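Trainee: Can you read through this structure? Questions will come right after.
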Amino acid sequence: MAPSPHRAGRVVRVEPAGHRGVTIVSDIRLSARPGQFVMLWVPRADEKPFSLVADNPLTLAVVPVGPVTGRLQQLQPGDPLYVRGPLGRGFSLDGQRPLLVAGGSGAAPLAFLASRLAAAGREVTVALGARSAGELLLVERYQAAAARLWITTEDGSAGERGLVVSVAERLLANGGCDRVYACGPVPMLERVAALCREYGVPGEASYEAYMRCGIGVCGSCDRGDGLLVCRDGPVFDL
Amino acid sequence: MRDVGLSVELCGVRLRTPFVLAAGVLGTTAALLERVARRGAGAVTAKSCSVRPRRGHPNPTVLPWEGGLINAVGLANPGAAAMVAILADTRRRLAPLGVPLIASVFAEEAGGFGEVVRILEEAEPDFYEVNISCPNVAEELGLPFAADPVQAARATAAVRAATRRPVIVKLSPNVADICAVGRAVVDAGADALAAINTLGPGMLIDIRARTPVLANRVGGLSGPAVRPVAVRCVYDLSRAVAVPIIGMGGVTTGEDAVEMIMAGATAVGVGSAFYQRGMGVLEAMAAEIRAFMQEQGFGCVSEMRGLAHGA
Ligand SMILES: Cc1cc2nc3c(=O)[nH]c(=O)nc-3n(C[C@H](O)[C@H](O)[C@H](O)COP(=O)(O)OP(=O)(O)OC[C@H]3O[C@@H](n4cnc5c(N)ncnc54)[C@H](O)[C@@H]3O)c2cc1C
Ligand SMILES: Cc1cc2nc3c(=O)[nH]c(=O)nc-3n(C[C@H](O)[C@H](O)[C@H](O)COP(=O)(O)O)c2cc1C
Ligand code: FES
């Protein structure tokens, strides 16, 4: 082990992700499962969790919501990057005819899953939703990986107007999906969980919680039921 | 084969196993404390709490390194009033399991320890643990009370005056003479000691970023690297005082726990091992300690206590 627990690398490319976010492609090579995350360290500032959009090379999609995510928008090719991970439990790759349901920045881990499942020859169906067109993330990556891609926005500025769960319900009602994978706000995950029960399809979802250690010791990330999002999750069975 | 019992008695309270969840590790919520209790703890300690809430240090606050962990969480806690609700909820959940609850307290000045305990009394914890030994807030609060027998005794006395429940005082290894501190707090009314809190402080530097990695720059060491220091502290303390000791610091396996017990510990604290071995660590340690006791012909844990001191 090196003196520091972080892997160092550099930013190779920065692409816009929606109107406000960025996709950061680095030269760091990890071997991870979709759904796993890294703790991204900004020296002398902070360290925060981010899902992997790809592991090799490490790719992140970052939406600005505060100081750290704001600073990450300024990254340029050549800038150093420090990450600890991959951490946590990722998605299974058990879906033969998977349905992916992504809401808002939940698009990040599911983009990784979509490409992994597609590479394994699975026919991937994706329901990708956001509040507006400008908040849709990683659309090109989904277009590349998905056999069928359904886009929804709450204001109708792109794709179908409405909620991504409504599309998911329609797709489940039509049959043909054998596993649901979801990531997004908790109310969305709860509705997806209810749909999984209703249609008798197994589901997995990636959760977020406030994290410090990322390794299951500090107790910051209790999901509310004593399960640790950083170590028992972030992916849980629905 | 003889059946072996793992239960021990601490200040008249029965623990199903000798394993105590160490303060600051996973003790933030009632659900987590219950989960650890269900997975083999003899007692669980809630996160150290102060009168007012504290945000703690910025991240990184806890990092793994090859010898264990280094941390400067900075005593983040929701404050005593919020802790009352967490402790009360935890007590309800633990009652059917027969697992006692230890409330850990700290304060900025010696007298303040009494104030936290008076607030927490409403939650009726089974024990108090007085954290006079956190090395991670020195910049803000100065040297820990545990650095000085007189200050350590004042903090202890403040808690003693505020409660009739058993009081455990948690000591620091970062002193010239831990026995002098141990004797001072026992004279001031401590019913038991816990040793050790984290070692150091230490520092990790990222040589590519060219800066200390912890946001606080320095933090306390725990895990396997500190175990020999912890064993020595417990060994020395058990000769210096007559009260029971919760031995902790790097205990990761059942055989490590036996080492601590043979050094003189009555119960054994486990913290960082949850990182190495996960939520099943205490169950695994119970199986390991049982196997050792069967191999060596011990029937109960107390038969092993202090054996390293010879006849
Ligand atoms: C498993 C996991 C995966 C994530 N993946 C992504 C991702 O792919 N892309 C992305 O843009 N964001 C992701 N996030 C959220 C990201 O961690 C936060 O946006 C970031 O920490 C905000 O930091 P800040 O300093 O910019 O804002 P702050 O002002 O510090 O916080 C803004 C909001 O971000 C959240 N947040 C802040 N600190 C943390 C923390 N330590 N842990 C968790 N959440 C926090 C809180 O909801 C807070 O209200 C993920 C979070 C988790 C737990
Ligand atoms: C992340 C972390 C947080 C801790 N927080 C506290 C705390 O709030 N109060 C306290 O008395 N000790 C705290 N400690 C110290 C532990 O309780 C224990 O004394 C020390 O880690 C040695 O045991 P271990 O090697 O089994 O972890 C903390 C330790 C760690 C690793
Ligand atoms: S972030 Fe520390 S336990 Fe999950």
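Each row is one residue, and each column tells you yes or no for (1) closer than 23 Å to A:Tyr142 by Cβ; (2) part of a loop (DSSP other than H, G, I, E, B).
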site	(1), (2)
A:Pro5	no, yes
A:Val12	yes, no
A:His19	yes, yes
A:Ile24	yes, no
A:Pro34	yes, yes
A:Trp41	no, no
A:Thr69	yes, no
A:Gly78	no, yes
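Trainee: Please specify each residue of region A:64-111 satisfying the condition of being among the small types (Gly, Ala, Ser), out of contact with any helix residue (DSSP H, G or I) (no Cβ under 9 Å at 6 or more places or on another chain) and away from ligand 1 (no atom under 16 Å from the Cβ).
Mentor: At the first step, the residues of region A:64-111 found to be among the small types (Gly, Ala, Ser) are A:66, A:70, A:78, A:85, A:88, A:90, A:92, A:95, A:102-108, A:111.
If we keep only those that are out of contact with any helix residue (DSSP H, G or I) (no Cβ under 9 Å at 6 or more places or on another chain) too, we end up with A:66, A:70, A:78, A:85, A:88, A:92, A:108.
Selection gives A:Gly78, A:Ser92.
Trainee: When A:Phe37 is evaluated against the numbered criteria (1) outside the structural domain of A:Cys177 (by TED's automatic domain parsing); (2) in contact with a Leu (Cβ under 7 Å, 6 or more places away or on another chain); (3) within 25 Å of A:Ser132 (Cα to Cα), which criterion, by number, is the only one it fails?
Mentor: With respect to (1) outside the structural domain of A:Cys177 (by TED's automatic domain parsing); (2) in contact with a Leu (Cβ under 7 Å, 6 or more places away or on another chain); (3) within 25 Å of A:Ser132 (Cα to Cα), A:Phe37 is out only on (3).
Trainee: Within the bounds of region B:160-178, is there any residue that is under 30 Å from A:Tyr82 (Cβ atoms) and either away from chain A (no Cβ under 14 Å) or among the aliphatic types (A, V, I, L, M) (or both)? It would help to see each step written out before you state the result.
Mentor: So in region B:160-178, the residues under 30 Å from A:Tyr82 (Cβ atoms) come out as B:174.
Filter again for either away from chain A (no Cβ under 14 Å) or among the aliphatic types (A, V, I, L, M) (or both), leaving B:174.
Yes, some residue in region B:160-178 is under 30 Å from A:Tyr82 (Cβ atoms) and either away from chain A (no Cβ under 14 Å) or among the aliphatic types (A, V, I, L, M) (or both).
Trainee: Return a yes/no flag: does region B:161-176 have any residue that is assigned to a helix (DSSP H, G or I) and out of contact with any Asp or Glu (no Cβ under 9 Å at 6 or more places or on another chain).
Mentor: Initially, region B:161-176 is screened for residues assigned to a helix (DSSP H, G or I), giving B:161-162.
If we keep only those that are out of contact with any Asp or Glu (no Cβ under 9 Å at 6 or more places or on another chain) too, we end up with B:161.
Yes, some residue in region B:161-176 is assigned to a helix (DSSP H, G or I) and out of contact with any Asp or Glu (no Cβ under 9 Å at 6 or more places or on another chain).
Rundown of residues vs (1) within 18 Å of the chain's Cα centre (by Cα); (2) of a type in the set (Gly, Ala, Ser); (3) closer than 24 Å to A:Tyr207 by Cα; (4) more than 13 Å from chain B (Cβ to nearest Cβ), yes/no style:
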position	(1), (2), (3), (4)
A:Gly21	yes, yes, yes, yes
A:Ala32	yes, yes, yes, yes
A:Val53	yes, no, yes, yes
A:Thr59	yes, no, yes, yes
A:Pro67	no, no, yes, no
A:Leu72	yes, no, yes, yes
A:Gly90	yes, yes, yes, yes
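Trainee: Then there is this: For region B:25-34, indicate whether the set of residues that are crowded, with 24+ Cβ neighbours inside 10 Å and away from every other protein chain (no Cβ under 11 Å) is non-empty. Spell out the reasoning first.
Mentor: Filtering region B:25-34 down to residues crowded, with 24+ Cβ neighbours inside 10 Å leaves B:25-27, B:32-33.
Filter once more, so that each one left must be away from every other protein chain (no Cβ under 11 Å): none.
No, region B:25-34 contains no residue that is crowded, with 24+ Cβ neighbours inside 10 Å and away from every other protein chain (no Cβ under 11 Å).
Trainee: Also, I was wondering about something else. Quick check on region A:63-75. Is at least one of its residues within 18 Å of A:Ser115 (Cβ to Cβ) and modelled with pLDDT of 95 or more?
Mentor: Just the residues of region A:63-75 that are within 18 Å of A:Ser115 (Cβ to Cβ), to begin with: none.
Scanning region A:63-75, I find no residue that is within 18 Å of A:Ser115 (Cβ to Cβ) and modelled with pLDDT of 95 or more, so the answer is no.
Trainee: Residue under question is A:Ala194, and the condition is that it be more than 16 Å from ligand 3 (Cβ to nearest atom), modelled with pLDDT under 95 and not in a loop (DSSP other than H, G, I, E, B); does it hold? If you could, list the steps in order and put the result at the bottom.
Mentor: Numbers: more than 16 Å from ligand 3 (Cβ to nearest atom): yes; modelled with pLDDT under 95: no; not in a loop (DSSP other than H, G, I, E, B): yes.
So A:Ala194 fails the test.
Trainee: What is the number of the single condition among (1) more than 16 Å from ligand 2 (Cβ to nearest atom); (2) surrounded by 22 or more Cβ atoms within 10 Å (Cβ to Cβ); (3) more than 24 Å from A:Ala147 (Cβ to Cβ) that A:Glu208 does not meet?
Mentor: (2)
Trainee: Taking the stated definitions as given, is B:Ala184 closer than 29 Å to B:Ile119 by Cβ, in contact (Cβ under 8 Å) with a residue 40 or more places away in the chain, aliphatic (A, V, I, L, M) and away from chain A (no Cβ under 14 Å)? Working first, answer last.
Mentor: Details: closer than 29 Å to B:Ile119 by Cβ: yes; in contact (Cβ under 8 Å) with a residue 40 or more places away in the chain: no; aliphatic (A, V, I, L, M): yes; away from chain A (no Cβ under 14 Å): yes.
Against the criterion (closer than 29 Å to B:Ile119 by Cβ, in contact (Cβ under 8 Å) with a residue 40 or more places away in the chain, aliphatic (A, V, I, L, M) and away from chain A (no Cβ under 14 Å)), B:Ala184 does not qualify.
Trainee: Just checking, does region A:208-217 include any residue being within 29 Å of B:Thr252 (Cβ to Cβ), out of contact with any helix residue (DSSP H, G or I) (no Cβ under 9 Å at 6 or more places or on another chain) and among the hydroxyl-bearing types (Ser, Thr, Tyr)?
Mentor: In the first step, residues of region A:208-217 are kept if they are within 29 Å of B:Thr252 (Cβ to Cβ); the result is A:209-217.
Now drop any that are not out of contact with any helix residue (DSSP H, G or I) (no Cβ under 9 Å at 6 or more places or on another chain), which leaves A:209-212, A:214.
The next check asks that each one be among the hydroxyl-bearing types (Ser, Thr, Tyr); those that pass are A:210.
Checking region A:208-217: at least one residue is within 29 Å of B:Thr252 (Cβ to Cβ), out of contact with any helix residue (DSSP H, G or I) (no Cβ under 9 Å at 6 or more places or on another chain) and among the hydroxyl-bearing types (Ser, Thr, Tyr).
Trainee: Output the residues belonging to region A:43-63 that are assigned to a loop (DSSP other than H, G, I, E, B) and more than 12 Å from ligand 1 (Cβ to nearest atom).
Mentor: Within region A:43-63, A:Pro43, A:Arg44, A:Asn56, A:Pro57 qualify.
Trainee: Would you be able to tell me the number of residues in region B:44-57 that are more than 11 Å from the chain's Cα centre (by Cα), away from ligand 1 (no atom under 16 Å from the Cβ) and touching a residue at least 60 places away in the same chain (Cβ under 8 Å)?
Mentor: Applying the first criterion (more than 11 Å from the chain's Cα centre (by Cα)) to region B:44-57 yields B:49-57.
Checking the rest, the ones that are also away from ligand 1 (no atom under 16 Å from the Cβ) come to B:49-54.
Still in the list and also touching a residue at least 60 places away in the same chain (Cβ under 8 Å): B:49-51.
Adding up the residues that qualify gives 3.
Trainee: May I pose another question? Based on this model, can you work out whether A:Gly224 counts as more than 14 Å from chain B (Cβ to nearest Cβ) and surrounded by fewer than 19 Cβ atoms within 10 Å (Cβ to Cβ)? Full working, then the answer.
Mentor: On the way: more than 14 Å from chain B (Cβ to nearest Cβ): no; surrounded by fewer than 19 Cβ atoms within 10 Å (Cβ to Cβ): yes.
So A:Gly224 fails the test.
Trainee: Given the conditions (1) out of contact with any Asp or Glu (no Cβ under 6 Å at 6 or more places or on another chain); (2) over 18 Å from B:Gly68 (Cα atoms), which single one is not true for B:Val229?
Mentor: So the condition that B:Val229 fails would be (2).
Trainee: How many residues does region B:35-62 contain that are within 8 Å of chain A (Cβ to nearest Cβ) and either hydrophobic (A, V, I, L, M, F, W, C) or surrounded by 21 or more Cβ atoms within 10 Å (Cβ to Cβ) (or both)?
Mentor: Total satisfying the criteria: 6.
Trainee: Sort out which residues of region A:199-209 are part of a loop (DSSP other than H, G, I, E, B), aliphatic (A, V, I, L, M) and more than 8 Å from ligand 3 (Cβ to nearest atom), and write them in order of number. Spell out how you get there, then give the answer.
Mentor: So the first thing to find is which residues in region A:199-209 are part of a loop (DSSP other than H, G, I, E, B), and the list is A:200-202, A:207-209.
Then keep just the ones that are aliphatic (A, V, I, L, M); that gives A:201, A:209.
Within region A:199-209, A:Val201 is the sole residue that qualifies.
Trainee: So, in region B:249-285, how many residues would count as being hydrophobic (A, V, I, L, M, F, W, C) and under 16 Å from the mean Cα position of the chain (by Cα)? Reasoning before the result, please.
Mentor: Looking only at region B:249-285, we keep the residues that are hydrophobic (A, V, I, L, M, F, W, C), and these are B:251, B:257-258, B:260-263, B:265, B:267-268, B:270, B:273-274, B:279, B:281-282, B:284-285.
Still in the running and under 16 Å from the mean Cα position of the chain (by Cα): B:251, B:257, B:260-261, B:265, B:267-268, B:270, B:273-274, B:282.
Looking only at that region, the number is 11.
Trainee: Can you name every one of the strands (runs of 3 or more DSSP E) wholly within region B:62-149 that holds 1 or more residues which are away from ligand 3 (no atom under 16 Å from the Cβ) and among the polar types (S, T, N, Q)? Even if it seems obvious, please write down each step before you answer.
Mentor: Working: elements: B:62-65, B:68-71, B:101-105, B:127-131.
Fully inside region B:62-149 and qualifying: B:101-105, B:127-131.
Trainee: Being of a type in the set (Gly, Ala, Ser) and either away from chain B (no Cβ under 14 Å) or within 16 Å of ligand 2 (Cβ to nearest atom) (or both) is the requirement here; does A:Ala193 meet it? Step through it out loud before you land on a result.
Mentor: Working: of a type in the set (Gly, Ala, Ser): yes; either away from chain B (no Cβ under 14 Å) or within 16 Å of ligand 2 (Cβ to nearest atom) (or both): yes.
Yes.
Trainee: Could you go through region A:201-208 and let me know if any residue there is modelled with pLDDT of 95 or more, under 20 Å from the mean Cα position of the chain (by Cα), closer than 21 Å to A:Pro34 by Cβ and within 14 Å of chain B (Cβ to nearest Cβ).
Mentor: Within region A:201-208 (the criterion being modelled with pLDDT of 95 or more, under 20 Å from the mean Cα position of the chain (by Cα), closer than 21 Å to A:Pro34 by Cβ and within 14 Å of chain B (Cβ to nearest Cβ)), the answer is no, since none of the residues qualifies.
Trainee: Further, regarding this structure: Quick one: which of A:Asp225, A:Asp178, A:Asp232 is out of contact with any Cys (no Cβ under 6 Å at 6 or more places or on another chain), away from ligand 2 (no atom under 16 Å from the Cβ) and within 19 Å of A:Met39 (Cα to Cα)? I'd like the intermediate steps shown before the answer.
Mentor: Working: A:Asp225 fails: within 19 Å of A:Met39 (Cα to Cα); A:Asp178 fails: within 19 Å of A:Met39 (Cα to Cα).
Selected residue: A:Asp232, the only one of A:Asp225, A:Asp178, A:Asp232 that is out of contact with any Cys (no Cβ under 6 Å at 6 or more places or on another chain), away from ligand 2 (no atom under 16 Å from the Cβ) and within 19 Å of A:Met39 (Cα to Cα).
Trainee: Next question. Filtering region A:210-238 down to residues that are among the aliphatic types (A, V, I, L, M) and part of a strand (DSSP E or B), which residue is nearest to ligand 1 (Cβ to nearest atom)?
Mentor: If we filter region A:210-238 for residues that are among the aliphatic types (A, V, I, L, M), which is where we start, we get A:211, A:215, A:217, A:227-229, A:235, A:238.
Restricting the remaining residues to those that are part of a strand (DSSP E or B) gives A:228, A:235.
Details: A:Leu228: 11, A:Val235: 9 Å.
Here the residue is A:Val235.
The values are calculated or read from the model by the stated rules, or taken from the named source; none is laboratory data. All figures in this text were calculated on a predicted structure; none of them were measured in a lab. Glycine also receives a Cβ, built like all others from the backbone with ideal geometry; neighbour counts cover every protein chain displayed.
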